[in-house]
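Novice: Quick one: this structure, given as structure tokens, is what I'll be asking you about.
No value in this document is a laboratory result; all are computed from the given coordinates. Quick caveat, the model's predicted, so the values are computed rather than measured. Ideal geometry is used to build each Cβ from the backbone, glycine not excepted, and the neighbour counts take in all protein chains shown.
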Amino acid sequence: MEVRAALNGYRISPRKARLVVDQIRGKGVEDALNLLDLSPKRVGNPIAQLLRSAVANAEQKNEKQRAGIEIDNLVVAKIYVDEGPSMWRIRPRAQGRATWIQKRSSNINVVLSER
């Protein structure tokens, strides 16, 4: 049985988010939450919230559909970061010129399954 959760449009570049996501892929939920709580990266807290949301989705699925999911045995089966919409801004430069800067965002998806 799989449980999903998604965080769309979070304002951090996908490259920075993938550094944290790669550390927790394949780990148990408790181990992953411990790693995220100790992570110095800014994206650690939103990913921890996303993981807690996926666990809450599993609990809700147990109540509504009687799915029989063991919450203690959940593992981060898949977690991936896709590129979200980018904001384009103009930055003034020397001699009256301007350059475009791109403010990137991320879509983070997590899939939990039983061990």
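Novice: Compute the helix-to-body angle for 14-24: its Cα long axis versus the longest principal axis of the chain, expressed 0 to 90° and rounded to tens.
Specialist: Roughly 20 degrees between the two axes.
Novice: For the chain, what is the charge dipole size about the Cα centre, in debye to the nearest 20, if Lys and Arg each add +1 at the Cβ and Asp and Glu each add -1 at the Cβ?
Specialist: 1060 debye
Novice: Could you work out which residue, out of 86, 13, 105, moves most in a Gaussian network model of the chain, that is, has the largest mean-square fluctuation with Cα springs under 10 Å?
Specialist: In this elastic network of the chain, the residue with the biggest mean-square fluctuation among 86, 13, 105 is 86.
Novice: Separate question: Which value does Rg/Rh take for the stretch 2-114 over its C-alpha atoms, Rh per Kirkwood?
Specialist: Reported Rg/Rh, Kirkwood definition of Rh: 1.15.
Novice: Under unit Cβ charges (Lys, Arg +1; Asp, Glu -1), what dipole magnitude, rounded to 20 debye, does the stretch 15-73 have relative to its Cα centre?
Specialist: 460 debye
Novice: What residue among 55, 69, 20 has its Cα farthest toward the positive end of the dipole of the stretch 2-114, where the charges are +1 on Lys, Arg and -1 on Asp, Glu, each on the Cβ?
Specialist: 20
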